[in-house]
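Chemist: Have a look at this one.
None of the figures in this text is laboratory data; all of them are computed from the coordinates on show. What you see is a predicted model, and the numbers here were worked out from it, not measured in a lab. Cβ atoms come from the backbone with ideal geometry, glycine included; neighbour counts cover every protein chain shown.
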Amino acid sequence: MMTTTWSAYVEIERCANGVGRLTLKRPQALNALDLGMIRALTDTLLRWRDDAGIVAVAIRGVSKTGPFGAFCAGGDIRFFHQAALAGDARLEDFFTEEYALNHLIFTYPKPYIAFMDGVVMGGGMGISQGGRCRIVTERTKMAMPETNIGLFPDVGGGYFLSRCPGFVGEYLGLTGVVVGADAALAWGLADVAAPAEDLPRAWEALATLEAEGAADFEATWHDWMTQAGWRRAGARSVAPLAEEVNAAFGAKDVGAIVQRLQAAGTEAAAQALAALRQRSPLMLHVVLEQVRRARAMRLADDLRMERDLVRHCFHPHHLGRSAAQSETVEGIRALAVDKDHAPRWSPARIEDVTPAMVAPFFDSPWPAHAHPLRHLA
């Protein structure tokens, strides 16, 4: 077995049986992605995509206690904060290259197996949701929590959230709540649940299973999981989201969602409403529009839309604000820099957001021929 390190935080292995294995090794930051990690993953996946000797790819993360236990907590938000304030051009590169990586994974022609153990949030969802085999465990903590930092569920979030059953996508995208394995399976965000204690054995099995090509390997791997007794996703439904909460997130706008949750009078509705009240009011409106537009979009178009959105998030000129005054910089400050958990959102209330504040987020800053993701098919 040959190991090559392209990034200090990514271990790359090519096994003798043709399986490529990727390990995220930044446990002190819950494997949060930096630009070097994104480039290492992209370069490796592109090489392996065109290598007839590679039959499948698997990816995992490590925790402070050893292999597995944490997958990926998302992008490096402290870097986002510093880069935005400094006008660092690498911030633009980060999102362009991250979204291109997400597209590569979603369209990968070989089995891509993601071990979604522990924290799987934001950018961690972006490098796992496109996989053919998405494995969760009893330790999985899954979320798209971006509204908590004045951002939106990017990395293709509009695409995969909008394809959840019912109005689960709106619920997850707006509230940013953390869910476990059962919800992930029920809502189409995972394919199989495994006991966490089985993962080391599975990882080693990937290096020993013999197969003639990608299709044969995929069948062999499925047989291995079946023999291991892992639980497959069943028929998709809106459960376990409470019926009144699902109905509320189907309302026409954020104000109407709030009204329905208030009227429901249940504990589940109250919890969802409490979550909304903590998020950026402006971005709640943006996210609702994002998810609903994405429902009718192809992946590439959704990622181009999200690239437009993230540019406006860090350059909110249409609101008369600088980068330092953006919801995103403020949200990151409150959560990860000053850690006072008291973001000063503007507007401060859901009811004070106007359509004129939201609509320009969806205007592309680039003509189509110059869009940074114009080459995505």
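Chemist: Taking R0 as 30 Å, what FRET efficiency do you get between A86 and A342 from their Cβ-Cβ distance, rounded to the nearest 0.05?
Modeler: On the way: r = 24 Å, r/R0 = 0.80.
It comes out at approximately 0.80.
Chemist: Using a simple spin-label model with points 7 Å from Cα along the Cα→Cβ vector, what separation in nm is obtained for D93 and D43?
Modeler: Result for the modelled spin labels: 1.2 nm.
Chemist: Y112's amide H: which non-local residues (gap 5+, or another chain) put their own amide H closer than 5 Å, with H modeled 1.01 Å from N in plane and none for Pro or chain starts?
Modeler: Under 5 Å from the amide H of Y112 lie the amide H atoms of V57, R132, C133, each far enough along the sequence or on another chain.
Chemist: Would you please give the FRET efficiency between E244 and A52, computed as 1/(1 + (r/R0)^6) with r the Cβ-Cβ distance and R0 = 45 Å, to the nearest 0.05? Don't jump to the answer; show the numbers that get you there.
Modeler: Working: r = 53 Å, r/R0 = 1.18.
For R0 = 45 Å, the calculated efficiency reads 0.25.
Chemist: If you take every residue apart from A242 with its C-beta less than 15 Å away from the C-beta of A242, what net charge results, scoring Lys and Arg +1 and Asp and Glu -1?
Modeler: On the way: positive: R260; negative: E170, D182, E243, E244, E267.
Local net charge: -4.
Chemist: In addition: Setting aside same-chain residues fewer than 8 positions from K110, which aspartates and glutamates have a Cα under 14 Å from its Cα?
Modeler: D50, D51, E212, D216, E218
Chemist: Sticking with this one: Would you mind classifying region 19-134 by shape? Square roots of the alpha carbon gyration tensor eigenvalues, ordered a ≥ b ≥ c; an a/c under 1.5 is rounded, otherwise it is prolate if a/b is larger than b/c and oblate if not.
Modeler: Details: a/c = 2.14, a/b = 1.31, b/c = 1.63.
Oblate, since a/c reaches 1.5 and b/c is not below a/b.
Chemist: Could you work out the local net charge near M357, counting Lys and Arg as +1, Asp and Glu as -1, over the other residues with Cβ closer than 14 Å to its Cβ?
Modeler: On the way: positive: R321, R349; negative: D253, E289, E327, E351, D352, D363.
With Lys, Arg at +1 and Asp, Glu at -1, the neighbours total -4.
Chemist: Based on the Cβ-Cβ distance from A324 to Q259, what FRET efficiency comes out when R0 is 30 Å, to the nearest 0.05? Numbers along the way, then the final one.
Modeler: Details: r = 34 Å, r/R0 = 1.14.
Given R0 = 30 Å and the Cβ-Cβ separation, E is 0.30.
Chemist: Could you let me know the centre-to-centre spacing of region 116-193 and region 310-377, using Cα atoms, in angstrom?
Modeler: 22 Å
Chemist: Please list, ordered by chain and number, the residues whose modelled amide H lies under 5 Å from the amide H of G74; skip anything fewer than 5 residues away on the same chain.
Modeler: Placed amide hydrogens put L33, M121, G123, G124 under 5 Å from G74.
Chemist: Could I ask something else about it? Just the projected area, averaged over all directions, of the convex hull on the alpha carbon atoms of region 153-196: how many nm²?
Modeler: 3.3 nm²
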